[in-house]
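Here is the structure we will look at.
We did not get these values from a lab; they are worked out from the coordinates using the rules stated. These figures come from a predicted structure and were not determined experimentally. Please note: Cβ atoms are built from the backbone with ideal geometry, for glycine as well, and neighbour counts cover all protein chains shown.
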Amino acid sequence: MKIDTLGVPKFGVDDLIELIYQGKIDKMHQVLCDKNDDTAQFNQSVKDTEIGNLLKFYQALDVGQEEFDTALQSEWFMPNSYKNFDIEQYIESICPDNADAKTRIKEELDAFKSKNMITVLKFMHFLVSYMRENEMVWGVGRGSSVASYVLFLLGVHKVDSIQYGLDWREFIR
């Protein structure tokens, strides 16, 4: 499998054969593959036998990474009240009144903005709010996300990264 510059996986014939050997033929309709004679023959066999699903073919997108990310983020379900929400002001309003915390959220928010990830924060706020309202349980924290104090304030995880001296740059890299 090859990954293009936008992070879209592209499966070759060998990858498809491996899926068949692993007994995952029912998953093959979910992959994007190179269009060549062998994959065209597979699709023709599916049409002829009416067994299985047709392969979808990889098509390179003529967009940059930022435009691609923005397009994907616009597809996330999130009520308009969250899409139009001033997440930066909200985070500042729930931040404890001490210099370390205020400096930390400013640095993190600047990094989120520079990586065009403010929509991600809005979505995380929506997701946490939804889980709380519906009494859903989620974990204490996982991986490098626990280094983010902003995510801690939003309730995404329960690890106070300032208290434990975690470097937020570990997460945002």
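Lysine pairs in region 1-117 with alpha-carbon atoms under 15 Å apart, 8 or more places apart or on different chains: how many are there? The number of close lysine pairs in region 1-117 is 9. 5 Å is the cut-off here: which amide hydrogens, built 1.01 Å from N in the peptide plane, fall below it relative to Cys33, excluding neighbours closer than 5 in sequence? Those lying under 5 Å, H to H, from Cys33 are Phe11, Lys56, Phe57, Tyr58. Normalised by the number of residues in the chain, the average gap of Cα pairs under 8 Å and 6 or more apart makes the relative contact order 14 percent.
Across region 16-28, coupling constants 3J(HN,Hα) worked out from phi with the 6.51/-1.76/1.60 Karplus curve, θ = phi - 60°, read 5, 4, 4, 4, 5, 5, 7, x, 10, 4, 5, 8, 5 Hz, and Gly and Pro carry x. Considering region 65-172, its Cα convex hull presents a mean projected area of 7.1 nm².
What the phi angles of region 106-117 give under the Karplus curve with 6.51, -1.76 and 1.60, with θ = phi - 60°, is a coupling list of 5, 4, 5, 4, 4, 5, 4, 5, 5, 9, 6, 10 Hz, glycine and proline written as x. Restricting attention to region 10-43, which chymotrypsin sites (Phe, Trp or Tyr not before Pro) occupy a DSSP loop and are surrounded by at most 12 other Cβ atoms within 10 Å? Loop-located and lightly packed - none at all. Kirkwood's formula applied to the C-alpha pairs of region 8-118 gives a hydrodynamic radius of 18.3 angstrom. As an equivalent ellipsoid, region 1-64 spans semi-axes of 22, 13, 10 angstrom, where each value is the square root of five times an eigenvalue of the C-alpha gyration tensor, largest first.
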